[in-house]
1. Which order do Arg97, Arg126, Arg85, Arg252 take when ranked by solvent-accessible area (1.4 Å probe, heavy atoms of all protein chains), largest first?
2. As a test of reading the structure, rank Arg309, Arg334, Arg156, Arg143 by solvent-accessible area (1.4 Å probe, protein chains only), most first.
3. Please work out the average accessible area per residue across the range 1-48, using the 1.4 Å probe convention, and give it in Å².
4. Fully extended, how many nm does the chain gain between Tyr80 and Glu154 (0.36 nm per residue separation, minus their Cα-Cα distance)?
5. What is the helix-to-structure angle for 325-339, meaning the angle in degrees between its Cα long axis and the longest Cα principal axis of the chain, kept from 0 to 90 and rounded to the nearest 10?
6. How would you classify the range 1-136 from its alpha-carbon gyration tensor, with a ≥ b ≥ c the square roots of the eigenvalues: rounded for a/c under 1.5, else prolate if a/b is greater than b/c, otherwise oblate?
7. When all protein chains stay in place, what accessible area (Å², nearest 10, 1.4 Å probe) is found for Glu154?
8. Taking the Cα centre of each part, how many Å lie between the range 205-230 and the range 70-148?
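The values are calculated or read from the model by the stated rules, or taken from the named source; none is laboratory data. Computed from a prediction, not measured in an experiment: that's the story for all the values here. Every residue, glycine among them, receives a Cβ derived from its backbone with ideal geometry; neighbour counts consider all protein chains shown. Just so you know, the surface numbers come from the protein's heavy atoms only, side chains and all, with ligands and any DNA or RNA stripped out. Shrake-Rupley method; radii C 1.70, N 1.55, O 1.52, S 1.80 Å.
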Amino acid sequence: MNTRERCMNILHYKDVDRMPAVHFGYWNELLLEWAEQGHISKEMAIAAAADSSPAQQELDKILGWDCNWYNTVGWNSGLYPAFERKELEILPDGSHRVMNENGVIERIKPGVVSIPSEDDYLLKDREAFETLYRHRMQFSPDRVASEWLKSFNETRNKELPVGLHLGSVLGQLREITTVVGMSYLMYDEDEELFADIIDTFADMQYKCVEAVFETGARFDFAHYWEDICFKSGPLLSPTLFDELCAKHYKKRNELCHKHGIDIISLDCDGVTEKLIPTWIENGVNVMFPIEIGTWGDQFEAARNKWGERILGVGGMDKTALRKDKAAVDAEIERLKRLSAMGGFIPCPDHRIMPGSRFELVQYYAEEIKKIGV
């Protein structure tokens, strides 16, 4: 039984010979740390940062992983054309004010690798949408690598699960409007503007997914990226989210079902409980990753509420990989209980972080395969 078969069988509540060892990539800084420590070469550290690249797959073999779950085929799901990235000024503290490809003004501090702070944004009103953004949110055949996709079924690695990236209904718009801007747009004087932006962006993405399927390419699962929650819950009212976004998940997911995809995962950081009903009722059925954060595991509560309708890939507190074997063993014991529910594949809850110990990652990858399923 290969990795693809194991993963798909577990998510369909079928028998497998063992649990697959699955991860969600590495921080670039961690790979460079491992190179400095002599575990891998500098060349591998640089090349292995790309998800499911040949270099990353080679590193996976060294560490004992079966695959990176985030092995997806994408397309241009953002603004097209994007804004020209421009440096606007250098501030007295050395920070750079930069307008990025989304028209957001960021403050970037040299040497800091966290998400830049946002100073300003362009998408503030109807005029900005009509003059600067609407034309950038339209479908174009250039967004999809159709010629390459026509041979995808023959050239893909058939031993690993491969997904189709479905883009985003609201997460990418949050990056374009900023959290502050999105909050204002929800309650703008033009009550229809926020809905118009969502519909325009979603319709373009639907057409892109449709164009991918028209090439004949087929996939094992599909996946959304959202990131529209934080440690206390969603960034907008669940009622408003359902009103504006549910129809777009339903339409896109029905298209996936038509083309044989019944495993549809969604990546959303933070506490997602209040948005899960919209996702589940409209075709999303896999939580991935399942962020532990400061609030603890969310999968068991979701399974208790939704039963076997909800599946999971994730839920492993990756901070244990910075500690010791005892911490890793404790995590594995907790994951055994979740795995016993079925329809669940343990996976570090996000990219493996700086400070993670090479030998502990190897130990975890080996031990997770021993979980009974």
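1. Working: Arg97 45, Arg126 70, Arg85 110, Arg252 0 Å².
Order by accessible area, largest first: Arg85, Arg126, Arg97, Arg252.
2. Arg309, Arg334, Arg156, Arg143
3. 48 Å²
4. Details: separation 74, 0.36 × 74 = 26.64 nm, distance 2.97 nm.
Fully extending the segment from Tyr80 to Glu154 adds 23.7 nm.
5. Long axis of 325-339 versus the principal axis of the chain: about 80 degrees.
6. Cα axes put the range 1-136 in the oblate bin.
7. Surface open to solvent at Glu154 totals about 130 Å².
8. If you average the Cα positions of each part, the centres end up 21 Å apart.
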